[in-house]
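> Here's a structure for you.
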Amino acid sequence: MVFRSLALAATIASAAVAVPDARAADPDCHRVARGGQTARATVYFDTGKTTIAAHHRKELERVAYDAKYQIKVCLIGQADRQGNPEYNKRLALKRAQAVRALLIDYGVPAGVLVPVSVGEAYGAFGGDYKDGQERRVEVHFPRRYE
């Protein structure tokens with residue numbers, strides 16, 4: 001009984017660990033963000049929000065089926081250009097983390113999910129977006145470059 005309690009406590013503790021900063025600088029995910037690879041899913045958000053709409057939840061549930069078998073899944077969070085750039089970078093990361101939490105709920109191993117913030121809609125990487133399209137998280141399965 002004590003062993004099960006310790007094992008359960010260890011599992012809960014490991015699930016609560018924050019994503020390390022080293023993963024946020026993942027080169028594969030930044031390459032995907034710059035490279036124009038097609039997203040497996042795109043989740044759009046309201047201004048200043050991290051709440052995932054019901055129709056996006058269904059889409060992410062479908063993506064989770066394939067994501068379970070990947071080595072790495074990049075969650076690239078973005079914000080619009082309104083407001084402070086530092087706030088937008090944090091907001092974009094929170095959006096990516098919200099998508100990460102939902103994919104974990106759908107059975108994707110936490111270790112393969114890499115939340116990344118590129119801040120203001122790819123910032124210097126360009127792109128003109130219709131209203132609301134820049135507030136998003138893109139889910140990518142990065143191709144291996146060898």
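> Please give the peptides 92-102, 56-66 ranked by average Cβ packing (other Cβ atoms within 10 Å per residue), highest first, as a rough proxy for protection. Walk me through the numbers on the way to the answer.
On the way: 92-102: 22.2, 56-66: 15.6.
Ranking, from highest mean packing down: 92-102, 56-66.
> Here is a further query. What's the extension gain from Ala54 to Val112 if we count 0.36 nm per residue and subtract their Cα-Cα distance? Provide the component values of the computation, followed by the final result.
Values: separation 58, 0.36 × 58 = 20.88 nm, distance 2.38 nm.
Separation in residues times 0.36 nm, less the Cα-Cα distance, equals 18.5 nm.
> Sorting check: for 38-44, 72-78, which peptide has the highest mean count of neighbouring beta carbons within 10 Å, and how do the rest follow? Before the final figure, lay out each step's value.
Numbers: 38-44: 16.9, 72-78: 25.7.
Sorting 38-44, 72-78 by mean packing, highest first, produces 72-78, 38-44.
Each value in this text was obtained by applying a stated rule to the coordinates, not by laboratory testing. The model shown is predicted, which means the values in this text are computed figures rather than measured ones. Positions of Cβ are generated from backbone atoms using ideal geometry, with glycine treated the same way; all protein chains shown enter the neighbour counts.
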